[in-house]
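Structure, as structure tokens:
The values are calculated or read from the model by the stated rules, or taken from the named source; none is laboratory data. No experiment lies behind these values; they were computed from the predicted model shown. Heads up, the Cβs are rebuilt from the backbone with ideal geometry, glycines too, and the neighbour counts pull from every protein chain shown. Side chains included, ligands, DNA and RNA excluded: accessible areas come from the protein's heavy atoms. Shrake-Rupley method; radii C 1.70, N 1.55, O 1.52, S 1.80 Å.
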Amino acid sequence: MERIGFIGTGEIAAAMVAGLTGRGHQILVSERNGAMAAALAAQFSDVTIAPNDQVVADSDTVFLCLLADVARKVVPDLPFRDDHRVISVMVDVPLADLRMLCAPVNEIAITIPLPSIAVGGSALPVYPDSMALRSLFADTDMIIPCQSEVALNAHFAATALASPILDQMREGARWLAALTGDQTASEQYLATVFAGFLRSMTENPETSFTDLLDSLATEGGLNAAMRAHMREAGVVDALADGLDALKPRLGLTDQTPMLR
Ligand SMILES: NC(=O)c1ccc[n+]([C@@H]2O[C@H](COP(=O)([O-])OP(=O)(O)OC[C@H]3O[C@@H](n4cnc5c(N)ncnc54)[C@H](OP(=O)(O)O)[C@@H]3O)[C@@H](O)[C@H]2O)c1
């Protein structure tokens, strides 16, 4: 049994709690946001709501799930001990700042969960590697230790692909449903198609995106036509430009070695 605390009970904390519940842990969540905390406590018998300072005092591992500006105000007043393990999921709060904010904690790591952690099977880049994170999530999710904070931040940037790609899939499903009349079936169809593609990669690491694209490149085929259309419309270039635009915020430069 581990005592796990969440400071900041928002979207990502709720997903992590859903992923951790039912495994014999004691889970404390902070009072804000109130509706989310109440919903988690009502749904899961191992979740209790407490004020921020009690969440920290009564936990061994503390997840920081605040927005960066809130964290800089709130975290220094929390009763951290040197034997706490702190795992931040926050963008824009570097490790050096976390060490000051959470003093005297020695064991601090940053990881990047996504909402799919609620059902397991997600990827958790982390820097530095964290036994605390592994002990909680390695059985259900893939821990990806990064070799530097820069490499971790590059993964933060890559997570920003999720919204634009899901947005395109939603638009595709809307388009399909306009013809079939069934929005749910259209969304489930596309989710299943893409889950299958992605599973064929994760189960066979030697398979690349290029391999998948090659398998869809029949000359004159529907996929080849659509891919050419999207490239000509500038969609792929826009995606790369958008990722580049995130670099300054994340301390990434073109000279940055992209070590994992
Ligand atoms: N969402 C994601 O997919 C995702 C993925 C990776 C990393 N992250 C990181 O996770 C962090 C949180 O993101 P989020 O999407 O979960 O945001 P969010 O839903 O806005 O959650 C932040 C929570 O902090 C609470 N809060 C505000 N002031 C507080 C205080 N003084 N004490 C305790 N809690 C307080 C807010 O409550 P109120 O609503 O009452 O203000 C809110 O529920 C961010 O740093 C983000 O970069 C998010």
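Using 0.36 nm per residue and subtracting the Cα-Cα separation, the extra length available between Q54 and L216 on full extension is 52.8 nm.
Of all beta bridges that DSSP places with both ends in the chain, some 10 percent have antiparallel geometry. A simple spin-label model places pseudo-atoms 7 Å from Cα toward Cβ; at V70 and S116 they are separated by 2.6 nm.
Per residue, the accessible area of the chain comes to 56 Å² when a 1.4 Å probe rolls over the protein heavy atoms. Given the DSSP H assignment, sum -39500 (n - 2.57) over each helix run of at least 4 residues in the chain and divide by its residue total; what's the result at 222 nm in deg cm²/dmol, nearest 500? Here the helix-only value at 222 nm equals -14500 deg cm²/dmol.
If you take the Cα centroid of the stretch 20-66 and the Cα centroid of the stretch 184-260, the two points sit 36 Å apart. If only the Cβ of Lys and Arg carry +1 and only the Cβ of Asp and Glu carry -1, the dipole of the chain around its Cα centre is close to 280 debye. For the chain, the Cα gyration tensor yields ellipsoid semi-axes of 37, 23, 17 Å (square root of five times each eigenvalue, largest first, whole Å). Taking the 1.4 Å solvent-accessible surface of the chain as the whole, the part contributed by carbon and sulfur is 58%.
Taking max minus min of the alpha-carbon positions on each principal axis, the stretch 162-250 gives extents of 44, 29, 29 Å, largest first. Note on A240 and L161: the model spin-label points, each 7 Å out from Cα along the C-beta direction, lie 1.4 nm apart. Take every Cα pair under 8 Å whose residues are at least 6 apart in sequence, average their separation, divide by the length of the chain, and the relative contact order is 14 percent.
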